[in-house]
Amino acid sequence: MNDLRSLLRENVEHAPEDHLDDDALLGAGRRRVRGRRTTAGGGAALVMAGVVAVTAVSLTHGADHQGAADGPPRPDAPVLHLADAERAVKGRDYRVLASHTNENLDRDNGQYFDGVTDDGLILFRDGPRSDQPNPRMALMDPATGAKDWLPDPDLGWTQTWAVELGTHRLVLLGAQGATKVRLVAHVFDRDTRQWSHLKWPGLPAVGGPHAVVGPDDRLYVFVPATRGRPPEGGWPTGADGEADDADAQGDSYHLWSASLTDMSDVRDERLVVGDLAFTHTSMVWTDSTNGHAGLLHVRDLSTGEERSFDPHAGERCNLLSFGATDDRVVLSQYCGTYADGVRDDRVQILSTHGDQEVTLQDSGIDGVLAAPGGASDVVTVTSYEGDRAGTYVYDLGSGRFLRVSDAVSPFGMGGPAPDRRFLWSTPVNHRHGAIQWLGRLAP
């Protein structure tokens, strides 16, 4: 029995290559790069989205693994397409809790909602920008707009991502180094109002700021193990210049963990994973990511018992995003490009026992859980193409599939939003700027 299982049994209650430079992680504009990848090391960018409205749609099953030559094959599950989504009605199906407008993010960096805390406050980031080299951060009350400005986090131009926004602690993840990339956690204690910057001398170099917080209050860190490579001559490309890397060999990682209070406490968990997610009661992981996912594995944190199953992803599907709730697993996948540039993109939702619930399938979509660790039952979906462009939501509790907007901002912004809250953005000023929105799904 490895250390991870022993510890968690007692405590139940999205990468650059090997070269990373702080200056390369500028936040200026955070323009979204949506192309999948031209090497095997990248991944698809995801956006947080949101919506709501009761909808009754018919689900179709499919088992055509070969598929027609001119169209994507159907998944081995009930299927919903974007056209099946019901239009959400503001005030009835969801409430807008807050919004913020950046008029021109091409000209300079702006201000962002970086996520929502467990007690409902917005982590508000201002900058950095040319005349303000350090970002300012505040906890914002969405009801009044009042901002409690935090002490200077001393981040400079380093990009960070929120991995925990708790009632007592905020944890932002970053990385430092050029040849050997080292993980850094920037932790704000909300009770003492002090920042600490954690680096672990015993932790191996990482491929980028990639880690998740477990329910045992440890940070679970991905250390590169195997890296898939493009075929000789590179991936085939379509008319739009985007690589078709379906059937890619995936990446895997050695799993390590580190204490968030003791920088000398690091541990090799002796487990190789692709993607990993925790819920309140379980640990869920895949064999591989950024390629075929392999099997799904679920470990019960109270008993240590494990089960594994085939998720029945498509034969050409590459795992790009992964999340789990207490009883559901969400996989966002790219599964190849077909005639006329139609892409087979999927958001596959299944139970932690392997039962197929539904697959959202369309061209040019990404999907993600609104918050990790069982803190949300809302799956947000972003579509980038034509008259289907916009943000959508799938409610895991009711099975509602809803459309909230008709356009998507070209800028990457957002963060975790628990308790049926969700974030999305829309373009303004001829797509030079963006409005960021925080909403809450109706019960």
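The values are calculated or read from the model by the stated rules, or taken from the named source; none is laboratory data. Please read all numbers here as calculations on a predicted model, not as lab measurements. Cβ placement follows ideal geometry from the backbone for every residue including glycine, while neighbour counts extend to all protein chains displayed.
Details
- Selection of segment 240-273 for residues being touching a His at 6+ places or on another chain (Cβ under 9 Å) and of a type outside the set (V, I, T) yields D247, A248, Q249, G250, Y253, D268, E269, R270, L271.
- The C-beta contact set for segment 194-221 (first residue assigned to a loop (DSSP other than H, G, I, E, B), second residue among the hydroxyl-bearing types (S, T, Y) and loosely packed, with under 15 Cβ neighbours inside 10 Å, distance under 9 angstrom, 6+ apart or interchain) comprises W200/S264; P201/S264; G202/S264; A205/T179; D217/T261.
- Boolean, L183 is in contact with a strand residue (DSSP E or B) (Cβ under 8 Å, 6 or more places away or on another chain) and buried (at least 20 other Cβ atoms within 10 Å of the Cβ): yes
Matching residues to (1) closer than 15 Å to T117 by Cα; (2) modelled with pLDDT under 95; (3) among the β-branched types (V, I, T); (4) in contact with a Lys or Arg (Cβ under 7 Å, 6 or more places away or on another chain):
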| position | (1), (2), (3), (4) |
| --- | --- |
| T144 | no, no, yes, no |
| D154 | no, yes, no, no |
| W157 | no, yes, no, no |
| L172 | yes, no, no, no |
| G177 | no, yes, no, no |
| K180 | no, yes, no, no |
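- Whichever residue in segment 310-324 is small (G, A, S) and out of contact with any Ser or Thr (no Cβ under 7 Å at 6 or more places or on another chain) and, among such residues, is modelled with the lowest pLDDT: G314
- First in segment 241-266 and assigned to a strand (DSSP E or B), second anywhere and among the acidic types (D, E), Cβ under 6 Å, 6 or more apart: L255/E269; W256/D268; S257/E269; S259/D265
- Total residues in segment 86-105, condition in a loop (DSSP other than H, G, I, E, B) and under 22 Å from the mean Cα position of the chain (by Cα): 0
- Within segment 325-352, considering residues that are surrounded by 24 or more Cβ atoms within 10 Å (Cβ to Cβ) and at pLDDT below 95, the one farthest from V378 (Cα to Cα): T337
- Extreme residue, surrounded by the most Cβ atoms within 10 Å (Cβ to Cβ), among residues of segment 427-440 that are farther than 20 Å from G145 by Cα and not charged (D, E, K, R): G433
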